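In what follows, a structure is listed as structure tokens, so that the remarks can point back to it.
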Amino acid sequence: MPSRNSVNRPKDNLNRIRKAQSLAKKRVRRGTTPRSTERTTVVLPSTSIALYTGDASDSSIGITSKSISKKTAKKIERNRKYAILRNGGKNAKKLLIDIQAKKESSMDIDGEASNASSNANTKRSKSDLVREALWSVIEDVATNNYNVDVTGEGTTLGGPFF
């Protein structure tokens, strides 16, 4: 018979095995893909969407109120727009035009200038930018516009400076 504090007690072994099995089940469940609405045959209707669209009937199970919050209504509207854009529906072009109109209606002149300069910078490669920076340093040194401190005081080259 094992001692009272022994690791090999039968109860501890059984508990350890049971815990390992439950963790393995959780791991397997996490690894499988969740049920999606495309593959399922039974889809539970959303009560908030039913209230939003006005399709909520009195016989609907689970509906306790006849209204939804403003936050939920905004969320449903936003998700509907995204779904239309994602599925390429007939209103997808209209939504894209609305988004572009909002961008154009803003009167930010600075924003347009920064967008133009950012587009120009993105077209040039990184090597071109580095090359231009190096040539500008070389030109500055050649025209004596770039002052180089050769004494090195106050830097690690010249030692400590107090």
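The values are calculated or read from the model by the stated rules, or taken from the named source; none is laboratory data. Please read these numbers as outputs of a predicted model, since none were measured by experiment. Reconstructed Cβ throughout: ideal geometry from the backbone, glycine too, with neighbour counts over all protein chains shown.
Those helices (runs of 4 or more DSSP H) of the stretch 74-162 in which at least 1 residues are in contact with a Phe, Trp or Tyr (Cβ under 9 Å, 6 or more places away or on another chain) and modelled with pLDDT of 75 or more, considering only elements entirely within it, cover 126-142.
Taking the criterion of being at pLDDT 75 or above and loosely packed, with under 10 Cβ neighbours inside 10 Å, would at least one residue in the stretch 32-53 satisfy it? For the stretch 32-53, residues at pLDDT 75 or above and loosely packed, with under 10 Cβ neighbours inside 10 Å: absent.
Close contacts from the stretch 57-74, counting a first residue that is more than 15 Å from P45 (Cα to Cα) and a second that is modelled with pLDDT of 75 or more and of a type in the set (S, T, Y), with Cβ to Cβ under 8 Å and a gap of 6+ residues or different chains, come to I68/S48; I68/Y52; T72/S48; T72/Y52; A73/Y52.
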